Amino acid sequence: MATRADAVGTGAVTEAERVLRGPGLKPLRILPFLGPAFIACVAYIDPGNFATNIAGGSKYGYTLCWVIVAANLMAMLIQTLSAKLGIATGRNLPEVCRERFSKRTSMGLWVQAELIAMATDLAEFLGAALGFHLLFGIALFPAALLTGVTTFAILGLQRFGLRTFEAVIAGFVGAIGACYLAELYYAHPPLGTVAVHMFKPQFAGGDSVLLAVGILGATVMPHVIYLHSALTQNRIVPRDDREARRLYRYTRVDVVLAMTIAGLINLAMLVVAASTFFRAGFLHITSLEVAHRTLEPVLGGASATLFALALLASGLSSSTVGTLSGQVVMQGFIDRKIPIFVRRLVTMLPALVAAAIGVDVTRTLVLSQVVLSFGIPFALIPLVWFTSRRDLMGPLVNRRATTVAAVLVAALISALNVFLLGQTFFG
C-alpha cells in the first residue's frame, strides 16, 4: 500500500478507497479516479492527428466530420477495455501476454511493439520541435534539443507522484483544447452544417474514402493500449467484487470524459481547417508549416500563434507519454527495465538526427501512422480475447454484447489498416 500511495499520492489513494467503500456513487466523488484516461487520450491528439485532420478539412470541408465521431466512439470502447484489464487482473496487457503466450511469441510481440513505439515517438518528438520552430522561429535542430530538455523535465515530475504527472498532462490537454476553442472563435464555422456532417456519413470522391480510412485506421494507438492497462493495474486496488465493479464504473467515466475532450479537439482541428482553408480555396495544404503560414493572412497572427502553441503542447505531451509506453512494453513483454531517462535519451537520438538532416516533418508524421498500422492487430486481438475470459477477468468479464462490439471494432480497424497499408505501398 505504501508503494501505491507514493506513486499515486497518499491523499488520492485514501480518498479513492473511502469512496469505493462508501454507501453509493456520487458525481463529485469521481475526482480521485480521474487521470489515467487523460494520459491515454494524449495519443489521440498527437501531431499525426493534426496532419490528417487538417488535410481532411482543407480538402473536403466538413464532409468527414462523421469519421472523427465514429473513430472517437471506437477509441472509447478500446481504452475502456484496456483500463478494465488492468483493474481486473492487477497486470498490464504486455504482462498478461507474457504469462499466457510462449516466450517466443512474447519476444516477437515485444520487438514489433518497440519498433512501433519508436516510430511513433520519432514523429511526436519532431512535432514538438516543429511547434518550437513555428512559435519562436528557431531552427529545427535547436528546437529538437529544446524539446529533449523539456520532455526530460516533464518526466521528472513523476518523482512528485503520479497525480502531479497526471495533472500536468491534463493541463497540456486543456491547453490544446483552449487553443482550438479560440481558433473556432476566429474561424466562425457554420455550427448547423457541422452538426449535420457529424452524423451524416458521406464521401466526396475516391480520395476522400482513402483519407477517411486513414483517420479511422489510425484511431487506436497500440502503444497507449498497453499503457492504459498499466496506469490502472495498481493505482487503486479493490478488495472485493463490489469494489471492483464500482471502480470500473468510475473508470468508465474517466475514459468517456477524456476521450470526449480528445474527440472534440480533433473535430475542432478539422472544422477550423474547413472554415479557413477549404472556404478560402486553399485545398492543398500539404504540411503543418504551410497551414501555419496560411492561417496568418486568413485569420490573423493570433490564430497562427494558437496553432503553434497547440502543436507544441501536443508534441511535448504525446512524446512524454510515448516514452512511458515504451517502458511498459519492455517491462511487460520481456520482464526487463531500464531507467526511463535512459530510454528517453535513446529514443530521442533518431529524432535529433532527423532534425539535423532536415527531414520533412509532416511526411514523417504521415509515415509514422503507416508504421503504427502494423501493430494495431497485435494489441487489439489479445485485448479483446483476454477481457472476454471469465477465468482472467472475474466479475469484470465482458458482457456478450461488449465482446461482439469489440470484435467488430477490432476487425474493422485491422481491415482498414490493411487497406491503408496496401494503398500506401501499392496504390
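A few remarks follow.
- Given charges at beta-carbon only (K, R positive; D, E negative), |dipole| of the range 319-391 in Debye: 160
- Simple rule: put +1 on each Lys or Arg Cβ and -1 on each Asp or Glu Cβ in the chain, find the dipole, and look at SER58, PHE278, LEU31; the Cα lying farthest toward the positive end is LEU31.
- When +1 charges are put on Lys and Arg Cβ atoms and -1 charges on Asp and Glu Cβ atoms, the dipole computed for the chain relative to its Cα centre reaches about 1360 debye.
- Net charge, ARG400 excluded, C-beta distance under 14 Å - Lys, Arg +1, Asp, Glu -1: +3
- Distance between the C-alpha centres of the range 346-396 and the range 66-109: 12 Å, rounded to the whole angstrom.
- Pairs of C-alpha atoms in the range 166-298 farther apart than 18 Å represent 68 percent of all such pairs.
- Using the Stokes-Einstein relation with a Kirkwood hydrodynamic radius computed over Cα pairs, the translational diffusion coefficient of the range 275-314 at 25 °C and a viscosity of 0.890 mPa s comes to 239 µm²/s.
- Loop-resident trypsin sites (Lys or Arg not before Pro) (DSSP state other than H, G, I, E or B) in the range 164-254 with no more than 12 further Cβ atoms inside 10 Å of their Cβ: ARG239.
- Gain on full stretching of the segment that runs from THR105 to ALA204 - 0.36 nm per residue minus C-alpha separation: 31.4 nm
- Modelled label positions at ALA182 and ALA411, each set 7 Å beyond Cα in the direction of Cβ, lie 4.7 nm from each other.
- Once the mean of 1/r is taken over each pair of separate Cα atoms and inverted, the range 122-208 shows a Kirkwood hydrodynamic radius of 16.4 Å.
- Convex hull volume per residue in cubic angstrom - Cα atoms of the range 23-114: 160
- From the coordinates shown, Rg and Dmax of the Cα atoms in Å corresponds to which of (1) 27.2, 96; (2) 30.9, 101; (3) 20.7, 61: (3)
- Compactness of the range 231-321 as Cα Rg over 2.2 N^0.38 Å, two decimals: 1.61
- Ellipticity estimate at 222 nm from DSSP helix runs (n ≥ 4, -39,500 (n - 2.57)) divided over the chain, nearest 500: -26500 deg cm²/dmol
- Both radii are taken from the alpha-carbon atoms of the range 313-427; with Rh as the Kirkwood radius, Rg/Rh is 1.05.
None of the figures in this text is laboratory data; all of them are computed from the coordinates on show. This is a predicted model, so every value here is computed, not measured. Cβ sites come from the backbone with ideal geometry, for glycine too, and all protein chains shown count toward neighbours.
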